[in-house]
Amino acid sequence: MKGIMYHYVRENEAEFPFFKHLHIEDFAKQLDYFQETFGFVSEQGFLEALQTGVPPKGVVLTFDDGVKDHYKYVYPLLKERGIPGVFYVPTFMFEGKMLDVHRIHLLLGKYDSKLMYDKLVGLVTEDMLTDNNIEAFKQATYTKQQNDDYTLAFKRTLNYTIGYAHRTAVIDKLMQEFFPDEEELKQSFYVTPEELREMKDGGMIIGSHSKNHYVMSKLNREEQIEEIADSFAVLEAQTGGLPYRTFCYPYGGAHTFTPETEQLLTDHGCLYSFNVEARDVEANDLLHRKQALPRWDCNAFPFGQCR
């Protein structure tokens, strides 16, 4: 069984010439490829596999971040073809301003990466880089993406090495300069609770992508509990209830969570969670690592690359 990870799936936008996304036409072609080559795993088949430990043949599609793309472009295609998808939502998007991770994407999507990096250097001081000594954050991040050096430095600094006590304030300053209409932008960027309920009623699975989209391994136990428990509570309230709980780790990869994170998810009734690891789901995963199921990035397969 192959888990496949997607983020943005959309048409090109002239306003965001540098935005990294999978074009909707290529997504449709990739669905054709998966159908012809592997087939798709039904929701019931997946749930049975979690009990038996026998991986079914086929593909499970997962979509991260709760963006409007998933309702506007992805859901209609999946519904038309009778393919289930698992949609992971970071719930702070219902409560406050845009999540920092998405503000980073928008800044890099609209403006030249060197300009953004030069602006960042002028705002960040050495004392803010509280996690700069974690080697995994330097070596194991963005290895499957094609980024120029300025984009890589910008994303690593703001997503990994800067302390969370400083990150939002830094991004606030960048957004105030380059996106002063952030609240209006937010309205068109995220899926709404009504759209999520429609997707759930249409056969899609809705899961948690945490509350704030933080790297879980950077958080203490109490902070991790808040990210897990609060996100599930909000999702259940916004969707009218979930048939079961599922989670995927923000950013993904073994460096982004710990054995304690896996145990906390189990303790909070989470049935399974997805990691990011370029291999198929095997029997050992289904039987012994339900909270760290591997999944491939869509760009590892034909038609899955950004144009």
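A few notes on this one:
- Pairs with Cβ under 7 Å, 6+ apart, first in the range 212-223 and more than 23 Å from K97 (Cα to Cα), second surrounded by 18 or more Cβ atoms within 10 Å (Cβ to Cβ) and of a type in the set (A, V, I, L, M, F, W, C): S217/F257
- Test: residue in the range 60-68 that is within 29 Å of H166 (Cα to Cα), modelled with pLDDT of 95 or more, acidic (D, E) and out of contact with any strand residue (DSSP E or B) (no Cβ under 6 Å at 6 or more places or on another chain): yes
- Scanning the range 53-82 for residues that are part of a helix (DSSP H, G or I) and in contact (Cβ under 8 Å) with a residue 40 or more places away in the chain turns up K68, D69, H70, Y71, K72, Y73, V74, Y75, L77, L78, K79, R81.
- Options L78, L61, L22, L107; residue that is outside the structural domain of A237 (by TED's automatic domain parsing) and crowded, with 19+ Cβ neighbours inside 10 Å: L107
- Among the residues listed as M93, M98, the single one being more than 27 Å from A278 (Cα to Cα), buried (at least 24 other Cβ atoms within 10 Å of the Cβ) and of a type outside the set (V, I, T): M93
- Residue that is of a type outside the set (G, A, S), more than 30 Å from A165 (Cβ to Cβ) and out of contact with any Asp or Glu (no Cβ under 9 Å at 6 or more places or on another chain), where the choices are E80, E25: E80
- Residues satisfying the stated conditions in the range 1-19, i.e. crowded, with 16+ Cβ neighbours inside 10 Å and over 30 Å from G53 (Cα atoms): Y8, V9, R10, F16, F19
- Some residue of the range 39-49 being assigned by TED's automatic domain parsing to the domain that holds R295, of a type in the set (V, I, T) and surrounded by fewer than 21 Cβ atoms within 10 Å (Cβ to Cβ): no
- Yes/no for F87 being in a strand (DSSP E or B), among the aromatic types (F, W, Y), free of Cβ contacts under 8 Å to residues at least 60 places away in the same chain and assigned by TED's automatic domain parsing to the domain that holds K200: no
- Counted residues, the range 293-307 - those being surrounded by 21 or more Cβ atoms within 10 Å (Cβ to Cβ) and assigned to a helix (DSSP H, G or I): 1
The values are calculated or read from the model by the stated rules, or taken from the named source; none is laboratory data. Note that the structure is predicted; figures quoted are calculated from it, not measured. Glycine gets a Cβ as well: all are built from the backbone with ideal geometry, and neighbour counts include every protein chain shown.
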